Amino acid sequence: AKQRGRNAAAYYSRDLHEHIRHKLETGAGLRQALELQEFEVHYQPLVEAHTGAIQGVEALLRWRHPKKGMIPPGQFIPIAEETGQILDIGWWLLNEVNLHLEQWWHLGIKPIPVSVNISIKQLQHPLFLNRLKKQLQEPGISRTTLKLEITESIAMMNPKETMVNLEEIKALGLEISLDDFGTGFSSMNRLQTMPVQELKIDKSFICDLEKSDKHQAIVKTLVHLAHALDKKVVAEGVETKAQADMLDQYGCDLLQGYYYYRPMPSSDLTGVFLSKSGI
Ligand code: C2E
Ligand code: CA
Ligand code: CA
Ligand code: CA
């Protein structure tokens, strides 16, 4: 047992070492990425369940690494959160979104609500609200509705502080969306009083909707719950027509997923907008 204990400790310290090395390397890479403009914002439309009409887009960060190719956000955002770099990256993203909104405006495209993912580090930063206020005055963003997506688990982690922040954000005219809903153990009491306009049902409940009676029951219940609390409800990760039809039947308001659109660069989205408006 002693021997095993020693091995376990050795493994542990090797893992830890590897983790630290990976973190330092990625952290340095992220710093460069901002300078060298390796980040991109991609957009995935949210559509009205009943008609398929685009009602908004979610901005999703992409890192085009010169050697490693496209790195998915799941591989660098946790590190950017740990190192605090998510703050600069988040402001970069909002600025980029503003530029895209301006471009669309100049092309005669009607302003579209944009959802942006916000991490706890950003939300809790003392200067966050002030800087956000300034960003809201930028021409592109000022013409549309900005929605902040905050995961359910974050919102419930630090309820008092989060509540105050969210109230102020709402007062600025932004909307708030609870992301990954159904995975974060909301208390019903808090959910009812939280200034949140939209619940986004996590894709883990959607991916096997056709086959899972349990997930059908959960999703129906979450849709009812959202509507009982006067909130809109979005399903993410919709990949099939069968899923889309079921979700529409349940009364889900908005749908998002590969069945409709994959996340795409802004230029591709411009093409989608222009082809829809028939210019
Ligand atoms: P999320 O906010 O839950 O975003 C939804 C994820 O589901 C996206 O992954 C999207 O590409 C993917 N997705 C969309 N439709 C489908 C589908 O039909 N099937 C499946 N299997 N997946 C689908 P992505 O872009 O890799 O982003 C992963 C996560 O990274 C996001 O999860 C979000 O938590 C985080 N993230 C992305 N951009 C940002 C950002 O700018 N700031 C912060 N703080 N986090 C971000
Ligand atoms: Ca999201
Ligand atoms: Ca989500
Ligand atoms: Ca997620």
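The values are calculated or read from the model by the stated rules, or taken from the named source; none is laboratory data. Nothing here was measured: the structure is a model prediction, and the numbers come from that model. Positions of Cβ are generated from backbone atoms using ideal geometry, with glycine treated the same way; all protein chains shown enter the neighbour counts. Ligands, DNA and RNA are excluded from the accessible area calculation, which covers all protein heavy atoms including side chains. Shrake-Rupley method; radii C 1.70, N 1.55, O 1.52, S 1.80 Å.
Looking only at segment 40-75, which residues are more than 19 Å from Ile86 (Cα to Cα) and hydrophobic (A, V, I, L, M, F, W, C)? Of everything in segment 40-75, those that are more than 19 Å from Ile86 (Cα to Cα) and hydrophobic (A, V, I, L, M, F, W, C) turn out to be Leu46, Val47, Ala49, Ala53, Ile54, Val57. Here Trp105 fulfils each of the conditions (1) in contact with a Phe, Trp or Tyr (Cβ under 6 Å, 6 or more places away or on another chain); (2) at pLDDT 95 or above apart from (1). Applying a threshold of 7 Å to beta carbon distances and a minimum spacing of six or more residues, or different chains, the list of pairs starting in segment 76-92 at a residue that is at positive phi and ending at one that is modelled with pLDDT under 95 and in a helix (DSSP H, G or I) reads Gly84/Lys121. The number of residues in segment 59-75 that are open to solvent by less than 40 Å² (accessible area, probe 1.4 Å), among the aliphatic types (A, V, I, L, M) and free of Cβ contacts under 8 Å to residues at least 12 places away in the same chain comes to 1.
Filter segment 166-187 for residues that are out of contact with any strand residue (DSSP E or B) (no Cβ under 7 Å at 6 or more places or on another chain) and among the acidic types (Asp, Glu) and give the result. Correct list: Glu167, Glu168. Within the option set Ile71, Ile86, Ile20, Ile54, being touching a Lys or Arg at 6+ places or on another chain (Cβ under 9 Å) and either more than 15 Å from ligand 1 (Cβ to nearest atom) or modelled with pLDDT under 95 (or both) holds for one residue only, Ile71.
Among residues that are away from ligand 3 (no atom under 16 Å from the Cβ) and touching a residue at least 60 places away in the same chain (Cβ under 8 Å), Ala49 is included.
Being under 17 Å from Gln256 (Cα atoms) and open to solvent by less than 50 Å² (accessible area, probe 1.4 Å) is a property that holds for Ser177.
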